[in-house]
Amino acid sequence: MASFVVDAFGTAVSVKCHASDLDRLRQQWSRCLTEPVDKPKQIERVEHSGGELVDTADYALSSAVTLAAINAQAGERLMFHACGLADPESRDVAVLVAASGTGKTTASVRLSQVGLGYVSDETIAVDDDLSVRAYPKPVSVVIDPAHPTQKSQHGPDELGMAPAPEGHLGLGAVVLLTRRRDEHVAPTLTRIDLIDGLVDLLPQTSALPRITHPLRTLASAVARVGGPLRLEYSEIEESVELLREALGSTAPEVEFVHLPPTAELFTDETVAAQPVTDPRVVQRSPYLDAVEADGRVMLLLGTQSVVLDGVGALLWQHAEQPTRIEDLLQRCREEFGPHPDDTQIVNSSVEQLISHSVLRECDEVTPPGR
């Protein structure tokens, strides 16, 4: 058996393989190769299965290396399931986010062949200071479109992909990809609302709930680079100038408010409280994190998100402590003005929020001044 070590966005991963596979695998992983690590606690280990099904084994290795690095760094930094391309002059990285099988690998290859530097086609890890950790792994190319899970591995050198510039890489833009396959359209790059972007970004993150204040961390990174962008395109290489322009400009930071849970929401006594049959008093249900922007609130409940606006957002924001529904109704009247059906609207909204575990019923009101 033989082995080599790769740097997977900051995690050293030792790969054990058959000697006959070593040269091929080292070529595929040439831009990630690093020196062996002496301290066992600083290294992850995976094994290449070998055998006659070369493409299957190579693809499985790529997934195993990525998963090992994600598990090792869970809770430590923000990780996007995305590809990354860097501007060679500014060394800023455009993080291109899309669901699996919708064009990230193609974007990585083509954009790195027309002027941008290849950072990764799989995972982009971002530190608190917005530093980006490169992961120029082999590119997974679909062998037969009829079988999209069967892929061959190709090193970026083999495909003529420009390397990322040397030195510090920083987050420059977070871009949601929308490819138009039905007709050819000229590429457009549009800035979108922060909450809308977070909703689409959340499923394309890795181990986000394990980060302290996960939504704040995600929102802060996106807000500091001017908010999320959406790229609509037909042929990704046609968008290279739009992306370089976005990376070369400085957009103002987007404002948002962090609404962390209070310690009381997580006490055993609070969680175990029995609801009453008459929902006269409600309080926020336990949640992981929340942010508010432009009057809309996004909650993280476990791995699921909920977005509230209008009456729903106001009810939730004013129910941090056990609060009478009649007091919440008065808050709504003060905020939105009186309405002939305001009592019905508030009661109906409260019921919906309870059914979605956003609010919970409780049996006493918090004393004033507590």
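Determine if the stretch 86-96 includes at least one residue that is of a type in the set (S, T, N, Q), surrounded by fewer than 17 Cβ atoms within 10 Å (Cβ to Cβ) and assigned to a helix (DSSP H, G or I). Spell out the reasoning first.
Going residue by residue through the stretch 86-96, those that are of a type in the set (S, T, N, Q) are 90.
Okay, now just the ones that are also surrounded by fewer than 17 Cβ atoms within 10 Å (Cβ to Cβ), so 90.
Remaining after also requiring assigned to a helix (DSSP H, G or I): none.
No; the residues of the stretch 86-96 include none that is of a type in the set (S, T, N, Q), surrounded by fewer than 17 Cβ atoms within 10 Å (Cβ to Cβ) and assigned to a helix (DSSP H, G or I).
Which one is most open to solvent (accessible area, probe 1.4 Å), of the residues in the stretch 41-53 that are among the hydrophobic types (A, V, I, L, M, F, W, C) and out of contact with any Lys or Arg (no Cβ under 8 Å at 6 or more places or on another chain)? Step through it out loud before you land on a result.
Within the stretch 41-53, the subset among the hydrophobic types (A, V, I, L, M, F, W, C) is 43, 46, 53.
Then drop every residue that is not out of contact with any Lys or Arg (no Cβ under 8 Å at 6 or more places or on another chain), which leaves 43, 53.
On the way: Ile43: 18, Leu53: 124 Å².
Restricting to residues being among the hydrophobic types (A, V, I, L, M, F, W, C) and out of contact with any Lys or Arg (no Cβ under 8 Å at 6 or more places or on another chain), the top hit is Leu53.
Among the listed residues Asp7, Asp21, which satisfies the condition of being open to solvent by less than 50 Å² (accessible area, probe 1.4 Å), touching a residue at least 24 places away in the same chain (Cβ under 8 Å) and more than 30 Å from Glu245 (Cβ to Cβ)?
On the way: Asp7 fails: open to solvent by less than 50 Å² (accessible area, probe 1.4 Å).
Testing whether each residue is open to solvent by less than 50 Å² (accessible area, probe 1.4 Å), touching a residue at least 24 places away in the same chain (Cβ under 8 Å) and more than 30 Å from Glu245 (Cβ to Cβ) leaves just Asp21.
Just to be sure I understand the filter: pairs with C-beta atoms under 7 Å, separated by 6 or more residues or on different chains, first member in the stretch 229-256 and closer than 24 Å to Val199 by Cα, second member hydroxyl-bearing (Ser, Thr, Tyr) and part of a loop (DSSP other than H, G, I, E, B). Which pairs pass?
Correct list of pairs: Leu247/Ser90.
If Asp58 passes every condition in (1) in a loop (DSSP other than H, G, I, E, B); (2) over 23 Å from the mean Cα position of the chain (by Cα) but one, which one does it miss?
Among (1) in a loop (DSSP other than H, G, I, E, B); (2) over 23 Å from the mean Cα position of the chain (by Cα), the lone unmet condition for Asp58 is (1).
Counting just the residues of the stretch 112-141 that are of a type outside the set (D, E, K, R), within 16 Å of the chain's Cα centre (by Cα) and not in a loop (DSSP other than H, G, I, E, B), which one comes out farthest from Ile70 (Cα to Cα)? Write out each step before concluding.
Residues of the stretch 112-141 of a type outside the set (D, E, K, R): 112-120, 123-126, 130-132, 134-136, 138-141.
Filter again for within 16 Å of the chain's Cα centre (by Cα), leaving 120, 123-126, 130-132.
Next, from what is left, pick out any that are not in a loop (DSSP other than H, G, I, E, B): 120, 123-126, 131-132.
Details: Ser120: 14, Thr123: 9, Ile124: 10, Ala125: 9, Val126: 12, Ser131: 17, Val132: 15 Å.
Among those residues, the one meeting the criterion is Ser131.
Would you confirm, using the coordinates I've provided, whether Gly302 is of a type outside the set (A, V, I, L, M), under 30 Å from Gly227 (Cβ atoms) and either at pLDDT 95 or above or exposed (fewer than 12 other Cβ atoms within 10 Å of the Cβ) (or both)?
Working: of a type outside the set (A, V, I, L, M): yes; under 30 Å from Gly227 (Cβ atoms): yes; either at pLDDT 95 or above or exposed (fewer than 12 other Cβ atoms within 10 Å of the Cβ) (or both): yes.
Yes; evaluated as a whole, the condition is true for this residue.
For the stretch 305-332, how many residues meet the condition of being surrounded by fewer than 16 Cβ atoms within 10 Å (Cβ to Cβ) and under 13 Å from Ile354 (Cα atoms)?
Adding up the residues that qualify gives 0.
Which is surrounded by 15 or more Cβ atoms within 10 Å (Cβ to Cβ) and over 23 Å from Leu242 (Cα atoms), of Gly155, Gly170, Gly197? If you could, list the steps in order and put the result at the bottom.
On the way: Gly170 fails: over 23 Å from Leu242 (Cα atoms); Gly197 fails: over 23 Å from Leu242 (Cα atoms).
Matching residue, one of Gly155, Gly170, Gly197: Gly155.
From the list Ile124, Ile211, Ile143, which residue is touching a residue at least 12 places away in the same chain (Cβ under 8 Å), out of contact with any Lys or Arg (no Cβ under 6 Å at 6 or more places or on another chain), surrounded by fewer than 15 Cβ atoms within 10 Å (Cβ to Cβ) and not hydroxyl-bearing (Ser, Thr, Tyr)?
Values: Ile124 fails: surrounded by fewer than 15 Cβ atoms within 10 Å (Cβ to Cβ); Ile211 fails: surrounded by fewer than 15 Cβ atoms within 10 Å (Cβ to Cβ).
Exactly one of Ile124, Ile211, Ile143 is touching a residue at least 12 places away in the same chain (Cβ under 8 Å), out of contact with any Lys or Arg (no Cβ under 6 Å at 6 or more places or on another chain), surrounded by fewer than 15 Cβ atoms within 10 Å (Cβ to Cβ) and not hydroxyl-bearing (Ser, Thr, Tyr), namely Ile143.
Can you say whether Asp38 is of a type outside the set (A, V, I, L, M, F, W, C) and either surrounded by fewer than 18 Cβ atoms within 10 Å (Cβ to Cβ) or in a loop (DSSP other than H, G, I, E, B) (or both), as far as the supplied structure shows? Don't jump to the end; show me each part of the working.
Numbers: of a type outside the set (A, V, I, L, M, F, W, C): yes; either surrounded by fewer than 18 Cβ atoms within 10 Å (Cβ to Cβ) or in a loop (DSSP other than H, G, I, E, B) (or both): yes.
Judged against the criteria, Asp38 is a match.
Cβ-Cβ below 7 Å, separation at least six or inter-chain, first residue in the stretch 338-355 and touching a residue at least 60 places away in the same chain (Cβ under 8 Å), second open to solvent by less than 80 Å² (accessible area, probe 1.4 Å) and part of a loop (DSSP other than H, G, I, E, B): which pairs?
Within 7 Å, the pairs are Val350/Pro279; Ile354/Pro279.
The values are calculated or read from the model by the stated rules, or taken from the named source; none is laboratory data. Please read these numbers as outputs of a predicted model, since none were measured by experiment. Cβ coordinates were reconstructed from backbone atoms using ideal geometry, including for glycine residues, and neighbour counts include every protein chain displayed. Quick note on the areas: whole protein, heavy atoms, side chains included, nothing else; ligands and nucleic acids left out. Shrake-Rupley method; radii C 1.70, N 1.55, O 1.52, S 1.80 Å.
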